[in-house]
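Structure, as structure tokens:
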């Protein structure tokens with residue numbers, strides 16, 4: 001077990017590995033470490049902050065939808081939210097649950113017509129960079145994600161998709177086809193801007209969080225946590241920077257004047273990895289596999305009737 005932070009070296013030798021991937025469980029005879037990645041023993045990570053307390057006017061309910069864990073291995077190097085219409089524009093590979101038709105050329109109409117991995121007819125698309133295993137990191141050094149062998153991508157053990165309420169008020173329905181972004185795929189080169197709502201932790205240490213890659217204890221899962229903005233401008237489903245129309249609340253949990261609280265999307269992606277494994281997310285080449293470039297996107301393609309059900313559940317304080 002690693003104690004404290006370690007700046008790791010660029011891989012210069014082939015990795016001798018023997019991998020067994022079954023339901024997300026991975027073991028290796030030899031490990032490698034990518035340039036630019038930092039790892040921390042979860043025991044040395046910062047304490048998790050205390051959540052904002054719900055007031056008497058808040059909406060403490062939650063809605064869960066099972067969208068699977070990408071057992072079908074749906075991957076591409078597109079980014080419908082940040083670079084619509086640009087095939088391969090992400091230059092790294094994304095992992096998807098939800099709408100099976102999602103790619104750079106998707107439209108609102110094509111998403112509405114697409115099949116989904118989610119319950120209840122939720123045709124939304126949810127995606128984030130794939131988690132790469134050591135053999136991928138050696139193979140990909142100096143290359144972009146479009147060349148990756150899919151057998152070297154970790155399949156999540158589980159994916160939690162949850163919608164939450166506001167601590168201080170009721171929520172209103174998201175407009176259909178609302179786009180949302182959390183994290184920053186350029187987090188390293190842009191000086192950590194917009195990276196504060198993406199964290200890492202371990203299943204046995206949920207009281208600890210980190211922006212580094214956590215080294216978890218034996219029997220624990222490695223967990224990526226994505227919290228999305230939930231204060232909508234009330235007029236548009238997207239904006240020029242793909243962020244301005246949907247922003248994070250103020251420190252007390254309320255939305256600033258001119259924005260309105262919609263259900264807050266919370267995603268957790270868990271992996272079962274061997275202790276000491278030097279894994280990393282796929283990233284833009286100039287970001288060097290840094291954990292601070294982790295990010296996730298979504299497009300709400302729920303039918304309006306389903307979104308109304310979600311809102312009613314959350315506002316009533318139920319956990320559906």
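The values are calculated or read from the model by the stated rules, or taken from the named source; none is laboratory data. On a predicted model such as this, the values are computed, not experimentally measured, just so you know. Using ideal geometry, Cβ is built from the backbone for each residue, glycine included, and neighbour counts are taken over all protein chains shown.
Considering region 231-279, the residues that are at pLDDT below 95 and in contact with a helix residue (DSSP H, G or I) (Cβ under 9 Å, 6 or more places away or on another chain) include one that is surrounded by the most Cβ atoms within 10 Å (Cβ to Cβ), namely 279. Among all residues of region 302-313, there is at least one that is outside any helix (DSSP H, G or I) and at pLDDT 95 or above.
Taking region 165-283 as the region of interest, the strands (runs of 3 or more DSSP E) fully inside it that hold 2 or more residues being in contact (Cβ under 8 Å) with a residue 24 or more places away in the chain and more than 20 Å from residue 93 (Cα to Cα) are 198-202, 213-215, 264-273. Of 222, 182, 210, 188, all but one fail to be within 19 Å of the chain's Cα centre (by Cα), under 29 Å from residue 275 (Cβ atoms) and modelled with pLDDT under 95; the exception is 188. Selection of first residues in region 38-56 that are on the phi < 0 side of the Ramachandran plot and at pLDDT below 95 and of second residues that are exposed (fewer than 15 other Cβ atoms within 10 Å of the Cβ) and not in a loop (DSSP other than H, G, I, E, B), restricted to Cβ pairs under 9 Å at least 6 apart or on distinct chains, gives the following pairs, ordered by first then second residue: 38/7.
Show the residue pairs meeting these rules: Cβ distance below 7 Å; 6+ apart or different chains; first residue within region 111-133 and touching a residue at least 40 places away in the same chain (Cβ under 8 Å) and on the phi > 0 side of the Ramachandran plot; second residue in a strand (DSSP E or B) and surrounded by fewer than 24 Cβ atoms within 10 Å (Cβ to Cβ). Between residues of region 111-133 that are touching a residue at least 40 places away in the same chain (Cβ under 8 Å) and on the phi > 0 side of the Ramachandran plot and residues that are in a strand (DSSP E or B) and surrounded by fewer than 24 Cβ atoms within 10 Å (Cβ to Cβ), the close pairs are 120/65.
From the list 152, 107, 125, 102, exactly one residue is more than 17 Å from the chain's Cα centre (by Cα) and at pLDDT 95 or above. Which is it? Checking each option against the conditions leaves just 107.
Tell me, which residue of region 284-297 that is in a loop (DSSP other than H, G, I, E, B) and touching a helix residue (DSSP H, G or I) at 6+ places or on another chain (Cβ under 8 Å) is surrounded by the fewest Cβ atoms within 10 Å (Cβ to Cβ)? The residue in question is 284.
When you check residue 97 against the structure, is it buried (at least 23 other Cβ atoms within 10 Å of the Cβ), under 21 Å from residue 279 (Cβ atoms), modelled with pLDDT of 95 or more and in contact with a helix residue (DSSP H, G or I) (Cβ under 8 Å, 6 or more places away or on another chain), yes or no? No: the conditions fail for residue 97.
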